[in-house]
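Colleague: Sharing a structure with you now.
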Amino acid sequence: MFNAAMNFDMKALPATIEPMGNGHINRTYLVTDKLGNKYTFQRVNDVIFKDVPSLMENIRMVTEMLREKDPDPRHSLELVKTKDGNSFYHDDTGYYRMYHFVDDSICLERAENEDEFRMSAEAFGNFQNLLADFDASRLSETIPMFHDTENRVKNLVKAIEEDKMGRLSEVKAEVEFALARAEEAKYMKGLLEKGELKLRVTHNDTKLNNVLFDENTRKPICVIDLDTIMPGLAANDFGDSIRFGASTATEDELDLDKVTMSLDMFRAYTRGFLSACGHKLTAKEIETLPMGAKMMTYECGIRFLTDYLEGDVYFRIHREKHNLERCRTQLKLVYDMEQKWDKMAEIIKEEAAKI
Ligand code: ADP
Ligand code: GN1
Ligand code: MG
């Protein structure tokens, strides 16, 4: 890591490198140089992201645009270039990038209260506003069909048929639950194809730990994890946040009785999101927000299940059945949303009336 870090144009030589964060995809480190300056240093997962140079070009363009619109250095990520002026470094150990560390920032795995969650919604809603006039044709698709839920079902069916690890017999209940909802997986795509929903430039990975908060004020300062900025649906950005942040437990909670979708958190997020970007959304986009929540949760559940069946090749795991445990929380949340469906729709209506 030291060798790779040495290629970046830091203010002094690197002194320490320590692992940081809880992302499932990249390897993230905190680098401190000999003058005490801090940097976020990442090895980008090039198994998942097949074209890292194009991905880094997306990030370069987007971070430059964000910086033009809001020059406060704490409000957007800023790449540290390599000594020869590139936005990433590549050698036979992988692809690396570096950002200036955002001072006095923390990442939250759980919101402590509704206010914090509402503020994270404002951060993601504003982020979507800032990207609204970004020309989508300049962006590469970093993971094809990323939120094509129907295709995610196809991948699950393939994993079931192959049963590479011989794990299928252990996950019969999860498979049955997932496949019983396969038709619904086509719903959002159907609306898009009929022209009832539109593509926007979206973040696509809006979990709470992809926003940096100020450690003193506990207010959001900066949206991070820009790897999946691509054309997408507003309801999916809304929904992925609900999936993670409105849950009453962590993504890998073992006691499923603890896992429910909090309607109070759902309302708080809705309020924040609509206050930030609701005026730009069509009536159909607003109406489909609950479906975005359900589909992002369902999709994430079946992605964890597929990965478990395929031998844990995508998401980083920390224990043997981690992906299965994560899958179970997501499917429990889907079930809980189904019980609360009418209430969710009502909350959306009530909050939309206030915009
Ligand atoms: P991944 O795709 O693996 O999630 P991220 O870019 O989201 O990669 O970084 C992984 C994690 O590292 C984040 O969820 C967060 O916990 C932590 N992290 C990244 N950048 C910072 C930062 N500037 N300050 C504090 N934590 C950070
Ligand atoms: C991954 O990169 P990270 O850890 O923020 C994943 C998301 C999933 C999430 C589940 C590029 O997010 O799509 O929703 O895990 N990111 C990618 O926690 O696949
Ligand atoms: Mg992340």
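The values are calculated or read from the model by the stated rules, or taken from the named source; none is laboratory data. Keep in mind it's a predicted model, so treat the numbers as computed, not measured. Here the Cβ is made from the backbone with ideal geometry for all residues, glycine too, and neighbour counts use every protein chain on show. Ligands, DNA and RNA are excluded from the accessible area calculation, which covers all protein heavy atoms including side chains. Shrake-Rupley method; radii C 1.70, N 1.55, O 1.52, S 1.80 Å.
Colleague: Under the rule of at least 5 residues apart or a separate chain, name every residue whose amide H is placed under 5 Å from the amide H of Met230.
Modeller: Thr202
Colleague: How much accessible area per residue does the chain have, counting only protein heavy atoms and a probe of 1.4 Å, in square angstrom?
Modeller: Per-residue value: 44 Å².
Colleague: Additional query: Using modelled backbone amide H atoms (1.01 Å from N, in-plane), which distant-in-sequence or interchain residues come within less than 5 Å of Glu78's amide H?
Modeller: Those lying under 5 Å, H to H, from Glu78 are His100.
Colleague: Which one, Thr217, Phe146, Leu192, is farthest towards the positive end of the dipole of region 145-231 when Lys and Arg carry +1 and Asp and Glu -1 on their Cβ?
Modeller: With unit charges placed on the Cβ atoms, the residue in question is Leu192.
Colleague: Can you show me the helix-derived [θ] at 222 nm for the chain, built from DSSP H runs with n ≥ 4 at -39,500 (n - 2.57) apiece and divided by the number of residues, rounded to the nearest 500.
Modeller: -13500 deg cm²/dmol
Colleague: Using the Karplus curve 6.51 cos²θ - 1.76 cosθ + 1.60 with θ = phi - 60°, what ³J(HN,Hα) values do you get for each residue of region 168-185, in whole Hz, with x for Gly and Pro?
Modeller: For region 168-185, the Karplus-derived couplings read 4, 4, 7, 10, 4, 5, 5, 4, 4, 4, 5, 5, 5, 10, 4, 4, 4, 4 Hz, x marking Gly and Pro.
Colleague: Just Leu13, Leu208, Leu156 to compare: in a GNM of the chain, with alpha carbon springs under 10 Å, which one fluctuates most?
Modeller: Between Leu13, Leu208, Leu156, it is Leu13 that shows the largest mean-square fluctuation.
Colleague: Tally up the carbon and sulfur contribution to the accessible surface of region 225-272 as a whole percent, 1.4 Å probe, everything protein left in place.
Modeller: 49
Colleague: Take the solvent-accessible surface of the protein heavy atoms, probe 1.4 Å, and return the percent of it on region 118-205 that carbon and sulfur atoms account for.
Modeller: Of all accessible area on region 118-205, carbon and sulfur atoms account for 51 percent.
Colleague: Please list, ordered by chain and number, the residues whose modelled amide H lies under 5 Å from the amide H of Arg27; skip anything fewer than 5 residues away on the same chain.
Modeller: Correct list: Arg43, Asn45.
Colleague: Suppose every K and R has +1 on its Cβ and every D and E has -1 on its Cβ; what is the size of the dipole of region 19-150 about the Cα centre, in Debye to the nearest 20?
Modeller: 560
Colleague: Treat each spin label as a single point 7 Å out from the Cα along the C-beta direction, and report the Leu199 to Asp264 distance in nm.
Modeller: Label at Leu199, label at Asp264, 4.1 nm between them.
Colleague: For the chain, take N as its residue count and report Rg(C-alpha) divided by 2.2 N^0.38 Å.
Modeller: Ratio of Rg to 2.2 N^0.38 Å for the chain: 0.98.
Colleague: Can I ask one more? Given points 7 Å out from each Cα along the Cα-Cβ axis, report the Asp342 to Glu320 separation in nanometres with one decimal.
Modeller: 4.5
Colleague: Tell me which of Gly166, Met65, Val80 sits at the most positive position along the dipole axis of the chain, charges placed on C-beta atoms (Lys, Arg +1; Asp, Glu -1).
Modeller: Of Gly166, Met65, Val80, it is Met65.
Colleague: Now for a separate question. Pick from Arg319, Arg74, Arg110 the residue whose mean-square fluctuation is largest in a GNM of the chain, springs joining Cα atoms under 10 Å.
Modeller: Ranking Arg319, Arg74, Arg110 by mean-square fluctuation puts Arg319 first.
Colleague: What residue among Gly278, Gly245, Gly311 shows peak mean-square fluctuation when the chain is described by a Gaussian network model with Cα springs under 10 Å?
Modeller: Gly311
Colleague: Determine the order of Glu176, Glu162 by accessible area, beginning with the largest, at a probe radius of 1.4 Å.
Modeller: My answer, sorted largest first, is Glu176, Glu162.
Colleague: Within the set Lys194/Lys332; Lys219/Lys258; Lys38/Lys81; Lys158/Lys189; Lys172/Lys332, which residue pairs have Cα atoms separated by over 19 Å?
Modeller: Beyond 19 Å: Lys194/Lys332; Lys219/Lys258; Lys158/Lys189.
Colleague: Once phi is turned into ³J(HN,Hα) by the Karplus curve 6.51 cos²θ - 1.76 cosθ + 1.60 with θ = phi - 60°, what whole-Hz value does each residue of region 60-65 show in order, with x for glycine and proline?
Modeller: Calculated HN-Hα couplings, in order: 4, 5, 5, 5, 5, 5 Hz.
Colleague: Note down the magnitude of the dipole of region 60-132 about its Cα centre, charges +1 on Lys and Arg C-beta and -1 on Asp and Glu C-beta and zero elsewhere, to the nearest 20 debye.
Modeller: The dipole magnitude comes to about 360 debye.
Colleague: Additional query: Only four residue types carry charge here, +1 at the Cβ of Lys and Arg and -1 at the Cβ of Asp and Glu. Report the dipole size of the chain about the Cα centre in Debye, rounded to the nearest 20.
Modeller: Around 260 debye, computed over the chain.
Colleague: Please list, in order along region 264-279, the HN-Hα scalar couplings obtained from phi with the Karplus expression 6.51 cos²θ - 1.76 cosθ + 1.60 (θ = phi - 60°), rounded to whole Hz, x for Gly and Pro.
Modeller: With coefficients 6.51, -1.76 and 1.60, one gets 5, 5, 4, 5, 4, 5, 4, 4, x, 5, 5, 5, 7, 10, x, 5 Hz.
Colleague: A further question follows. Mind running the shape call on region 103-211? Use the C-alpha gyration tensor, a ≥ b ≥ c as the square roots of the eigenvalues: rounded below 1.5 for a/c, prolate if a/b tops b/c, oblate otherwise.
Modeller: oblate
Colleague: Report the calculated FRET efficiency for Arg67 and Lys154 (r = Cβ-Cβ distance, R0 = 56 Å), to the nearest 0.05.
Modeller: Step by step, r from the Cβ atoms, then E = 0.90.
Colleague: Modelling each spin label as a point 7 Å along the Cα-to-Cβ direction, I'd like the Tyr187/Arg43 distance in nm, to one decimal.
Modeller: It works out to 4.1 nm between the two label points.
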